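The values are calculated or read from the model by the stated rules, or taken from the named source; none is laboratory data. A quick note: this is a predicted structure, and the numbers were derived from the prediction, not measured. Cβ atoms come from the backbone with ideal geometry, glycine included; neighbour counts cover every protein chain shown. What goes into the accessible areas is simple: the full protein's heavy atoms, side chains included, and nothing from ligands, DNA or RNA. Shrake-Rupley method; radii C 1.70, N 1.55, O 1.52, S 1.80 Å.
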Amino acid sequence: MRREARAIILEKFNEPLVLRSFPIPNPKEGEVLVKVEAAGVCGSDVHMWEGRDPRTRLPMILGHEGAGEIVEMNGEKKDVHRSPLKIGDKVLWNRAVTCGHCYYCKIKMEPSLCPNRWVYGIHTSCAEPPYLTGNYSEYLLLNQNVDLFKIRPEVNLQVLVPASCSGATAAHAFDLSRMESGDSVLVQGVGPLGIFAVAFAKSFGASEIIAIGGTDDRLKVCQSFGATLNLNRHRLSKKERKEAVMEITHGRGVDVAFEMAGEPDALEESISLVRTGGTCISAGFGEPHGTIDLDCFHDLNRKNLRLQGIWASDVKHTHMALQLVLSRFQDFSKLITHRFPLNKANDAIRAMKTKEAVKAVLIPHG
Ligand SMILES: [Zn+2]
Ligand SMILES: [Zn+2]
């Protein structure tokens, strides 16, 4: 194997990513070198490219969603099911590495809140060794503490990559939602995060799933995943949307609302459409993006509202999302609307930014 890998680099915000070559490091004890077969292009990659994410360290290789093949390893490695791994195995990697020893990891069992948590292609720079720390690359060096999921060789890895980010975050939202079978659910925002929320709502036994979004193609995807009512916010006023939600929920509002849009207006509307005693989950804000007006008496106390924020996800949630994707593989295949080779990564970013793509995937060896 030539010990050089091509990767596409973010050097300056809002300027095209550039292709560079890096030496491939030899894995140290516990590390795994993988050939990246599919790297998901996430909405947060677009935000990082625009310089909106305070965690970004230039220069860097973007990409936190990936799957591929083990090509080198140093020492024994097992996946999350304790299956031994070997060279040639197909794997999906959890996007974050946590310390396992802090208050959040050890006492509260909430590793997504670990202050030492870091993510490939988010907190990593390629300025120093081991360089290959983002998924927009031919090869990636995985840390000794990475959590791996072994994937059967016949499975198309491209379909799985969204499970490691938007899927896992949506799973975290459902994990904390206390949603019950028969509940009515609202999903605000119909990007990959919202589409996963619709699919989870269906699998959790929702009676009604109302999707609010601004892109017809994406709303159509929501319908195929089980949305019972689609409301296009460009065609219906806020008042008309409220009437439609109240009509379907016997005048009460929904039992659980999921804000998956990352827009303050969407959160305000979600709160207004939850019934008294209901729950509003907000998972859409991946970076600072504004504030809302909250009527503390009417919207919070009198309503007995449960308002729950969601930050990132744990390996448990990647497992939940992966199982969801595997159980509805044909539906999730349709989520991947655009595929690009590494040198067309700028087109991939554009396709996600303009919402032309529902989900774009880079194929580094394609
Ligand atoms: Zn992401
Ligand atoms: Zn920790």
Are there any pairs, at least 6 apart or on different chains, whose C-beta atoms fall under 9 Å, with the first in the range 100-115 and at pLDDT 95 or above and the second open to solvent by 70 Å² or more (accessible area, probe 1.4 Å) and within 16 Å of ligand 1 (Cβ to nearest atom), and if so, which? Ser112/Trp311; Leu113/Trp311
Residue in the range 72-88 that is closer than 28 Å to Asn156 by Cα and within 16 Å of ligand 1 (Cβ to nearest atom) present: no
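Output the residues belonging to the range 278-293 that are open to solvent by less than 60 Å² (accessible area, probe 1.4 Å) and either within 16 Å of ligand 1 (Cβ to nearest atom) or not in a strand (DSSP E or B) (or both). Break it down into steps so the answer makes sense when it comes.
Here is the first cut: in the range 278-293, the residues open to solvent by less than 60 Å² (accessible area, probe 1.4 Å) are 278-287, 292.
Answer for the range 278-293, where residues must be open to solvent by less than 60 Å² (accessible area, probe 1.4 Å) and either within 16 Å of ligand 1 (Cβ to nearest atom) or not in a strand (DSSP E or B) (or both): Ala283, Gly284, Phe285, Gly286, Glu287, Ile292.
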Just give me the residues in the range 195-225 being touching a strand residue (DSSP E or B) at 6+ places or on another chain (Cβ under 7 Å) and under 18 Å from Ala163 (Cα atoms), in sequence order. Ala197, Val198, Ala201, Lys202, Cys222
Is it the case that some residue within the range 49-59 is outside any loop (DSSP other than H, G, I, E, B) and within 25 Å of the chain's Cα centre (by Cα)? yes
Which of the residues that make up the range 123-159 are within 14 Å of ligand 1 (Cβ to nearest atom) and of a type in the set (A, V, I, L, M, F, W, C)? none
If we keep only residues of the range 55-88 that are in contact with a Pro (Cβ under 8 Å, 6 or more places away or on another chain) and open to solvent by less than 60 Å² (accessible area, probe 1.4 Å), then the residue farthest from ligand 2 (Cβ to nearest atom) is Glu72
For the range 89-122, which residues satisfy the criterion of being open to solvent by less than 50 Å² (accessible area, probe 1.4 Å), of a type outside the set (D, E, K, R) and within 16 Å of ligand 1 (Cβ to nearest atom)? Leu92, Trp93, Asn94, Ala96, Val97, Ser112, Val119, Tyr120, Gly121, Ile122
Applying the selection to the range 35-48, what residues are part of a strand (DSSP E or B) and of a type outside the set (Val, Ile, Thr)? Lys35, Glu37, Ala38, Ala39, Gly40
Which of the numbered conditions does Ser137 fail, given that it passes all the others? Conditions: (1) away from ligand 2 (no atom under 16 Å from the Cβ); (2) more than 15 Å from the chain's Cα centre (by Cα); (3) closer than 19 Å to Asp79 by Cβ. (3)
Please go through the range 1-38 and pick out each residue that is within 16 Å of ligand 1 (Cβ to nearest atom) and either free of Cβ contacts under 8 Å to residues at least 12 places away in the same chain or in contact with a Ser or Thr (Cβ under 8 Å, 6 or more places away or on another chain) (or both). Leu10, Val36
